[in-house]
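Peer 1: First, the structure itself, so that you have it in front of you.
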Amino acid sequence: MTASVAPRGQRPRAGETAAASPAVARAARILRWGGLVAFPTETVYGLGADAENVRAVSRIFAVKGRPTSHPLIVHIASRTQLAAWGAEVSDAALTLAERFWPGPMTLIVRRRDRVPLEATGGLDTVALRVPAHAVAQALLAEFGGGIAAPSANRFGRVSPTCARHVLDDLGEDVDLVLDGGDCEVGIESTIVDVSSAEPAILRLGGVTREALEDLLGRPVPLRCGGSVRSPGQHASHYAPRARVIVLHPDEIAAQAAALRRKGQRVCVLAADLPAAAEDLAGVALPRSPEALARVLYDRLREADRAECDVVLVTLPDDSGIGAAVADRLRRAAAPRSPSD
Ligand code: TXA
Ligand code: MG
């Protein structure tokens, strides 16, 4: 089978039924046969397989080039299925699911036996998420089971936020790409570990830390690193090919000039492009953190398309979704490990 994008006219709009879309019906058939389907969520596109089919799940790792020890997120149709996939679900988990599902939040809970260890990287916990995107919802309803899906990019690269990004990265290796347009959030889901008594954030994302803490009425610490092998926690994740350097706005012009003197192709990503950057590959970024999150990955890919050697970037404020954007940019700027 070859990759194809469902014609835009065939994708269901919010409120339409799954049965209205032949593309979604075909995608569900491919999942039942053990194939791979890339599909849109409101955060980023996922590379999906039947979560209970070990061979299909294994293919995800092969196609992504991702170590099999790195656990996947299992996408489910509704919060009412939480207890069917997760065991010993805590009150905090139920409270979070009630408020933020469907939406850009993933919960780590104890794994039920139906979740194969291949999907969890051998862990006894599983990451679960109910996506809000109409096409993802339609696909989950039509398929009926859980869909294991990491972001639909090669391991260590920037997540895709439109169907074109998926095709650029994975091309013929995926059986079908459902085109649901540009992702509304644009960065990955917030991951909250509720598998023990103390909820903790493992990855900042589409749901803000402030919103989690308001709801639970307690601080929710950010727990990065630790014992779990999480690719999203690798220092140098979410990186374009170009080297990324985080700078204060005042430093950009001088740095850009210095790098250009060394013969480097420089791209500047900033809300305010310095006048000296006019003859550089300058890309203005939106000021609002929500709008910035939406376009960030496309702009990083743009720098690669322009064959830049170095991307100079400024950070947004470290609050709200700006904290998640800043986190991604710091990781993009971190020293690269050989696996990336
Ligand atoms: O927005 C998203 O979360 C997207 C869409 C497609 O849902 N998915 C996504 O998947 O970003 P991926 O595989 O690129 O990132 C999932 C993260 C990884 O960092 C993984 O290690 C972590 O979730 N994860 C999965 N299962 C886990 C577990 N049992 N314990 C701790 N971390 C886990
Ligand atoms: Mg990913």
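Peer 1: Take the residues in segment 82-107 that are surrounded by fewer than 20 Cβ atoms within 10 Å (Cβ to Cβ) and among the hydroxyl-bearing types (Ser, Thr, Tyr); name whichever of them is nearest to ligand 1 (Cβ to nearest atom).
Peer 2: If we take residues in segment 82-107 being surrounded by fewer than 20 Cβ atoms within 10 Å (Cβ to Cβ) and among the hydroxyl-bearing types (Ser, Thr, Tyr), then Ser90 is nearest to ligand 1 (Cβ to nearest atom).
Peer 1: Moving on. What number goes with the only condition from (1) more than 16 Å from ligand 2 (Cβ to nearest atom); (2) outside any strand (DSSP E or B); (3) not small (Gly, Ala, Ser) that Thr120 does not pass?
Peer 2: So the condition that Thr120 fails would be (1).
Peer 1: Then there is this: Which members of segment 154-164 meet the condition of being touching a helix residue (DSSP H, G or I) at 6+ places or on another chain (Cβ under 9 Å) and surrounded by fewer than 24 Cβ atoms within 10 Å (Cβ to Cβ)?
Peer 2: Listed by number, the residues that qualify are Arg154, Phe155, Gly156, Arg157, Cys162.
Peer 1: Restricting attention to segment 92-108, does a residue exist that is of a type in the set (Val, Ile, Thr), farther than 23 Å from Arg209 by Cβ and either more than 16 Å from ligand 2 (Cβ to nearest atom) or at pLDDT 95 or above (or both)?
Peer 2: Within segment 92-108 (the criterion being of a type in the set (Val, Ile, Thr), farther than 23 Å from Arg209 by Cβ and either more than 16 Å from ligand 2 (Cβ to nearest atom) or at pLDDT 95 or above (or both)), the answer is no, since none of the residues qualifies.
Peer 1: Follow-up. So, in segment 282-340, how many residues would count as being farther than 23 Å from Ile201 by Cα and not hydrophobic (A, V, I, L, M, F, W, C)?
Peer 2: Number of matching residues: 19.
Peer 1: Within segment 34-48, identify whether any single residue is assigned to a helix (DSSP H, G or I) and either closer than 19 Å to Ala141 by Cα or near ligand 1 (Cβ under 10 Å from one of its atoms) (or both), and answer yes or no.
Peer 2: The answer is no, given that none of the residues of segment 34-48 is assigned to a helix (DSSP H, G or I) and either closer than 19 Å to Ala141 by Cα or near ligand 1 (Cβ under 10 Å from one of its atoms) (or both).
Peer 1: What residue, among those in segment 149-166 that are in contact with a strand residue (DSSP E or B) (Cβ under 6 Å, 6 or more places away or on another chain) and under 19 Å from Glu302 (Cβ atoms), is nearest to ligand 2 (Cβ to nearest atom)?
Peer 2: Ranking the qualifying residues of segment 149-166, first place goes to Ser159.
The values are calculated or read from the model by the stated rules, or taken from the named source; none is laboratory data. If you're wondering where the values come from, they're calculated on a predicted model, not measured in any experiment. When we count neighbours, we look across all protein chains shown, and the Cβ atoms used for this are built from the backbone with ideal geometry, even at glycine.
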